[in-house]
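Here is the structure we will look at, set down as structure tokens.
The values are calculated or read from the model by the stated rules, or taken from the named source; none is laboratory data. Just so it is clear, the structure is predicted and the values come from calculations on it, not from any experiment. We place every Cβ from the backbone using ideal geometry, glycine too, and count neighbours over all the protein chains shown.
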Amino acid sequence: MTETDSTESGSHAGDRSLTLQIAARLDNLAMIRTVVGAAATFDDVDMDTAADLKLATDEACTRLIRASVSEATLTVRLDFHSDRLGIVAFTQCLTGDVFPIDSFSWHVLRSLVDHIEVFERDPSADEAGRIVGITMSTGRHTTATVHVAHG
């Protein structure tokens with residue numbers, strides 16, 4: 001597990017990415033969870049890893065939405081790689097620490113994914129608040145195969 005407090009991250013979408021842009025509202029969390037779970041399952045991620053990704057995305061997006069400016073758009077991007085699945089979520093936020101590393105929320109996030117990074121950047125002239133986001137990734141965990149001998 002690696003983590004970084006703050007970087008100029010956010011990266012760019014690849015050719016195997018899915019991006020969802022949605023109003024930064026708590027009542028949209030169910031849709032985000034559904035999309036993440038369906039995309040992970042469709043990409044043959046095992047069920048436990050898909051469940052962890054759904055929970056981590058829900059926790060991260062909840063933190064971002066609660067800190068967002070009025071009328072903000074939340075962007076959630078899933079990046080599919082042969083060895084891992086990455087999730088990037090970001091929105092325009094008010095001032096304050098969105099992901100304090102001494103919080104229970106941060107502990108939950110760290111336990112659900114293999115890598116986590118928080119990033120922020122100053123707003124452009126037409127943005128209402130600074131951009132705050134999180135990048136999370138987890139490896140493709142293989143499930144044990146059970147062989148039964150018939151005698």
Check: Looking only at the range 97-118, which residues are under 12 Å from Leu64 (Cα atoms) and in a strand (DSSP E or B)?
Finding: Val118
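Which is over 18 Å from Ala24 (Cβ atoms) and of a type in the set (D, E, K, R), of Arg66, Arg110?
On the way: Arg66 fails: over 18 Å from Ala24 (Cβ atoms).
On inspection, the qualifying residue turns out to be Arg110.
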Check: Could you list, in sequence order, the residues of the range 33-72 that are among the hydroxyl-bearing types (Ser, Thr, Tyr), within 25 Å of Glu120 (Cβ to Cβ) and within 15 Å of the chain's Cα centre (by Cα)?
Finding: Thr57, Thr62
Margin query: Could you check the range 1-53 and list, in sequence order, the residues that are of a type outside the set (Ser, Thr, Tyr), assigned to a loop (DSSP other than H, G, I, E, B) and at pLDDT below 90?
Written below: Met1, Glu8, Gly10, His12, Ala13, Gly14, Asp15, Arg16, Asp43, Asp44, Val45, Asp46
Next item on the list: Mind counting the residues in the range 107-117 that are touching a helix residue (DSSP H, G or I) at 6+ places or on another chain (Cβ under 9 Å) and surrounded by 17 or more Cβ atoms within 10 Å (Cβ to Cβ)?
Entry: 4
Note to self: Which of the numbered conditions does Glu71 fail, given that it passes all the others? Conditions: (1) touching a Cys at 6+ places or on another chain (Cβ under 7 Å); (2) more than 13 Å from Ser137 (Cα to Cα).
What the structure shows: (1)
Next item on the list: Can you give me the number of residues within the range 57-96 that are of a type outside the set (Ser, Thr, Tyr), under 20 Å from Val108 (Cβ atoms) and not in a strand (DSSP E or B)?
Entry: 10
